[in-house]
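Peer 1: The structure under discussion is supplied below as structure tokens; questions concerning it will follow.
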Amino acid sequence: MHFGIGIKSGGLCRIILLTSFTLFMSTLLSAGLSHADEKKEADDTENKEIKELMKKLDKHYKAAQERMGYYVLSDSDWATLLKTGEVISRLTDRVLKEFVPPDDKEFLKFSQEMKKRADEIYKSANEKYLGAYEDIQYSFGRLRNSCKNCHNHLEIQIYTDLYPGQSSPE
């Protein structure tokens, strides 16, 4: 046989072994890459879900924030505060069940604090007792702190326009 290169005794065996080894390794590597691709896809889906969840939280947070400082609240304002407490509490439940890593005690602590404060806002807005609005303002401030502390813990910059020259870590 003549293939344009000289094959000495045992050379054919080495070529077959080398080819087999190369095919074996490429199969292993491609299997590993497909597993990594699947994991990346799952991570991307989870990131997309939590981003959507955070947008909903932010929408209701801002609606309540607009009413902080009022001293005469309309029925619509009370309804907004009630809805804010309800929605943030429900969405925080979802964060606690689906997104808190089991080894991240800080994230867990801040999420539980957020849930507690949202429940307080809901309760106060629902009962409208004398001093309820002041309690809502207090709970809203504590809610704001838990959000800020969690974002700092996760190194997520919220208001990029406040800090020119610093980019968001997204």
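Rule-based calculations on the coordinates, nothing more; no lab input. Only a predicted model underlies this, so the values are computations on that prediction, with no experimental measurement involved.
Peer 1: Sticking to Cα atoms, compute the Rg of region 47-159 to one decimal and its Dmax as the biggest Cα-Cα distance, whole number, in Å.
Peer 2: Over region 47-159's Cα set, Rg and Dmax evaluate to 14.0, 45 Å.
Peer 1: Here is a follow-up. Among K83/K105; K56/K115; K56/K128; K62/K83; K48/K83, which pairs are too far apart, with a Cα-Cα distance over 19 Å?
Peer 2: Check vs 19 Å cut-off fails for K83/K105; K56/K128; K48/K83.
Peer 1: Moving on to the next point. Output ³J(HN,Hα) for region 57-69: one whole-Hz value per residue in order, computed from phi by the Karplus curve 6.51 cos²θ - 1.76 cosθ + 1.60 with θ = phi - 60°, and x for Gly and Pro.
Peer 2: 4, 4, 4, 6, 4, 5, 4, 6, 4, 4, 9, 6, x
Peer 1: Moving on. Can you compute 3J(HN,Hα) from phi for each residue in region 110-119, using the Karplus curve 6.51 cos²θ - 1.76 cosθ + 1.60 with θ = phi - 60°, rounded to whole Hz and x for Gly and Pro?
Peer 2: For region 110-119, the Karplus curve yields 5, 5, 5, 5, 4, 4, 4, 5, 5, 5 Hz.
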